[in-house]
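The values are calculated or read from the model by the stated rules, or taken from the named source; none is laboratory data. Keep in mind that this is a model prediction, so the values were computed, not measured. Note: ideal-geometry Cβ built from the backbone for every residue, glycine included; neighbour counts use all protein chains shown. Quick note on the areas: whole protein, heavy atoms, side chains included, nothing else; ligands and nucleic acids left out. Shrake-Rupley method; radii C 1.70, N 1.55, O 1.52, S 1.80 Å.
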Amino acid sequence: QVQLVESGGGLVQPGGSLRVSCAASGSIFILHVMGWYRQVPGKQRELVATINSGGGTNYADSVKGRFTISRENARNTVALQMNNLRPEDTAVYYCRLSQRENDYWGQGTQVTVSS
């Protein structure tokens, strides 16, 4: 089993920055992918960014150039630095770890962008 604990998030004005982090623990294999997804009420959860064990990254077009995903393999943590935030970035952000045929999710953290 794998446990994911998210931290960070909160309220920020448009144009501001926030950082969310996720710490993974449990049975984590060397080859896995960690990432961030987000969801607003009434909509499907969508990919924000992923990073694999080798450091390869993938971003949604809507966040390219504004968000940066990073990881610290020694501590099994992944972070998402969000800059130049927009109201449409408001959502619950979820951490995900995928390994072999299993997916694990964190409990989610709220990010609200509003003046």
(message) Being without any contact (Cβ under 8 Å) to a residue 60 or more places away in the chain, within 14 Å of the chain's Cα centre (by Cα) and under 19 Å from Met82 (Cβ atoms) is the requirement here; does Asn58 meet it?
(response) yes
(request) Go through Ser21, Ser17, Ser25, Ser114 for me and flag whichever is hydroxyl-bearing (Ser, Thr, Tyr) and at pLDDT below 95. (result) Ser25
(message) Being under 17 Å from the mean Cα position of the chain (by Cα) and surrounded by fewer than 12 Cβ atoms within 10 Å (Cβ to Cβ) is the filter here; which residues of region 4-16 pass it?
(response) Gly10
(request) Take Ser21 and decide whether it is part of a strand (DSSP E or B) and among the hydroxyl-bearing types (Ser, Thr, Tyr). (result) yes
(message) Among the numbered criteria (1) among the β-branched types (Val, Ile, Thr); (2) at pLDDT below 95; (3) touching a strand residue (DSSP E or B) at 6+ places or on another chain (Cβ under 8 Å), which one does Ile30 miss?
(response) (3)
(message) I'm trying to understand the selection: among the residues of region 68-115, which are surrounded by 15 or more Cβ atoms within 10 Å (Cβ to Cβ), touching a Leu at 6+ places or on another chain (Cβ under 8 Å) and not in a strand (DSSP E or B)?
(response) Leu85, Gly106
(request) Give just the number: which of (1) open to solvent by less than 60 Å² (accessible area, probe 1.4 Å); (2) without any contact (Cβ under 8 Å) to a residue 40 or more places away in the chain; (3) of a type outside the set (Gly, Ala, Ser); (4) touching a Lys or Arg at 6+ places or on another chain (Cβ under 8 Å) does Glu46 not satisfy? (result) (1)
(message) open to solvent by 50 Å² or more (accessible area, probe 1.4 Å) and either part of a strand (DSSP E or B) or among the β-branched types (Val, Ile, Thr) (or both): is that true of Ser62 in this structure?
(response) no
